[in-house]
1. Which residues' amide hydrogens lie under 5 Å from the amide hydrogen of Cys22, considering only partners 5 or more residues apart or on another chain, with H built in the peptide plane?
2. How much length is gained if the chain between Thr117 and Ser16 is pulled fully straight, taking 0.36 nm per residue apart and subtracting their Cα-Cα distance, in nm to one decimal?
3. Take peptides 15-25, 70-80, 107-117 and line them up by average Cβ neighbours within 10 Å, highest first, as a rough protection proxy.
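We did not get these values from a lab; they are worked out from the coordinates using the rules stated. Just so you know, these numbers come straight off a predicted model, no measurement behind them. With ideal geometry, Cβ positions are generated from the backbone for all residues, glycine too; neighbour counts draw on all protein chains shown.
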Amino acid sequence: VRLVGSEMCIRDRSISCTMTNCTISGNQTEADTRASGLWIHGNSASPANLINCTITNNANVYVGATTGAGVVQANSFPVYLTNTLISQNVRLSTRANIFGVFNSQGYNFIGDTTGGTIFATAGAMSA
């Protein structure tokens with residue numbers, strides 16, 4: 001899956017979602033509360049899994065933006081990352097790769113984690 005030109009939204013209260021071998025790149029938004037790459041919204045019973053994904057080069061250009069540009073985790077929807085790269089996403093002129101709470105299952109690269117929290121297991125990487 002390669003998405004160019006718009007944000008992707010995962011929003012459901014009852015199902016889980018797994019994205020594997022995906023690239024989300026080159027997107028732009030002008031909304032305060034959304035990501036330009038991937039916006040994940042739901043409840044704690046429905047996890048999202050990103051496996052072997054690349055989320056890069058997305059931008060939020062909204063002047064008053066308070067959330068990230070790469071991946072935004074909203075509410076209590078758990079997000080699990082495995083062998084995933086999230087880097088070079090920007091909010092205006094600052095790095096904004098992640099916003100929310102993420103669970104690393106190992107071997108991830110998150111360029112700048114400002115705005116997010118990552119709970120790591122063995123092999124998790126961040127720089």
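1. It is Cys53, Thr54, by chain and number.
2. The span from Thr117 to Ser16 would gain 34.3 nm if fully extended.
3. The packing order, highest mean first, is 70-80, 107-117, 15-25.
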